[in-house]
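Written out below as structure tokens is the structure these notes cover.
The values are calculated or read from the model by the stated rules, or taken from the named source; none is laboratory data. Keep in mind it's a predicted model, so treat the numbers as computed, not measured. All Cβ positions, even for glycine, are placed from backbone atoms using ideal geometry, and neighbour counts span all protein chains on display.
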Amino acid sequence: MNILVTNDDGYRAKGIRVLAEMMRRYGNVYVVAPKTHQSGMSMAVSLGFKAIRYKEILHLPASDDGTEGSLTVAYIDATPASCVKYALDTDVSGWPRPDVVVSGINHGSNAASASCYSGTLGAAQEAALCGIPAIGVSLCSMNPDADFSAVEEHFPGIMRKILEANERPSGQNKEKTGLDAGYGIYYNVNFPDIPAGKIRGIRTGYQGKGHWVREFTDWDPTFYSRHGITPEMLGQESAPSCEEGEKLYMMVGTFVDDPGNDSRADHHILENGYISVVAHNIDTTDYRETDRLGSLGFDTDF
């Protein structure tokens, strides 16, 4: 199996190193990740005809005993979705088309509304757009030296189940889109930040609803040290400069939970000590609302 690995924390992040080594047990691994931190990029791509720097930094052959696949690691100074685009452009990358794309392990939760902004999931969306099974995996910890042992223990089994679930005959269960079942689906897997032995199990659920308020706060450089990180880890400057008249802010905010959420909302699954698995789709059409608009006379000939 050929496995493409990427992330939005940058190629130096501990999470992607752990993930790449984990995936070598299941096939040949090709890592292409952003050169710098790219959180919050969603499915943005690096347009504008600008120069994009690429560098291959490591290649390890498969082990002689067949227990580990090969490992190729490279970076691009581009968004996570652009990293996937590069890997899929086989005329340029020279890499085989992946059988699965795994994005992560993200430092921080991508549950609830965070999934709308996530560069980790943006990479998975790009893969899903191209008809490739895709999984984003995150741990609810911003610690740069986070303990990923729970992910190492439980994620391989989750991945196998997801891939088995994607093995459907072509043309089966075509829905309103007319596309084959499984097309456009990508999976969002989040782990609570607790020891592996304390995780209660796995729950499938839905994207929790909610939003952030009071997101713009005055710039506070001590915020980073209080959370055990540095500004550089998040693609920021330790001492950002200002032009005359400018004022510095940072986005933090408070999450407001929607009262309509129940225990199957992914962020509540995590709070209850379970691993959450949510199936998303790149097709964001609301078919019920589209049908309702048609019934109200929007379908009109001129």
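Could you tell me whether any residue of the range 222-237 is in contact with a Ser or Thr (Cβ under 9 Å, 6 or more places away or on another chain), over 22 Å from L139 (Cα atoms) and not assigned by TED's automatic domain parsing to the domain that holds T120?
No.
For every residue, the table says whether it meets (1) among the basic types (K, R); (2) in contact with a Gly (Cβ under 7 Å, 6 or more places away or on another chain); (3) farther than 23 Å from E152 by Cα.
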{"position": "A196", "(1), (2), (3)": "no, no, no"}
{"position": "R200", "(1), (2), (3)": "yes, yes, no"}
{"position": "Y206", "(1), (2), (3)": "no, no, yes"}
{"position": "F216", "(1), (2), (3)": "no, no, yes"}
{"position": "P231", "(1), (2), (3)": "no, no, yes"}
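Of all the listed residues (R12, R17), the sole one being over 27 Å from E271 (Cα atoms) and basic (K, R) is R12.
Looking at the range 147-167, which of the residues that are loosely packed, with under 12 Cβ neighbours inside 10 Å and modelled with pLDDT under 95 is farthest from the chain's Cα centre (by Cα)? The selected residue is E167. In the range 251-302, of all residues being part of a helix (DSSP H, G or I) and in contact (Cβ under 8 Å) with a residue 24 or more places away in the chain, the one that is surrounded by the most Cβ atoms within 10 Å (Cβ to Cβ) corresponds to D266. Any residue that is outside any strand (DSSP E or B), polar (S, T, N, Q) and surrounded by 14 or more Cβ atoms within 10 Å (Cβ to Cβ) - is there at least one of those in the range 127-138? No, every residue in the range 127-138 fails to be outside any strand (DSSP E or B), polar (S, T, N, Q) and surrounded by 14 or more Cβ atoms within 10 Å (Cβ to Cβ). Keeping to the range 209-233, report how many residues are at pLDDT 80 or above, assigned to a loop (DSSP other than H, G, I, E, B) and farther than 30 Å from H280 by Cα. Within the range 209-233, residues that are at pLDDT 80 or above, assigned to a loop (DSSP other than H, G, I, E, B) and farther than 30 Å from H280 by Cα number 3. When the residues of the range 3-39 are filtered to those that are of a type in the set (D, E) and in contact with a Gly (Cβ under 9 Å, 6 or more places away or on another chain), the one that is surrounded by the fewest Cβ atoms within 10 Å (Cβ to Cβ) is D9.
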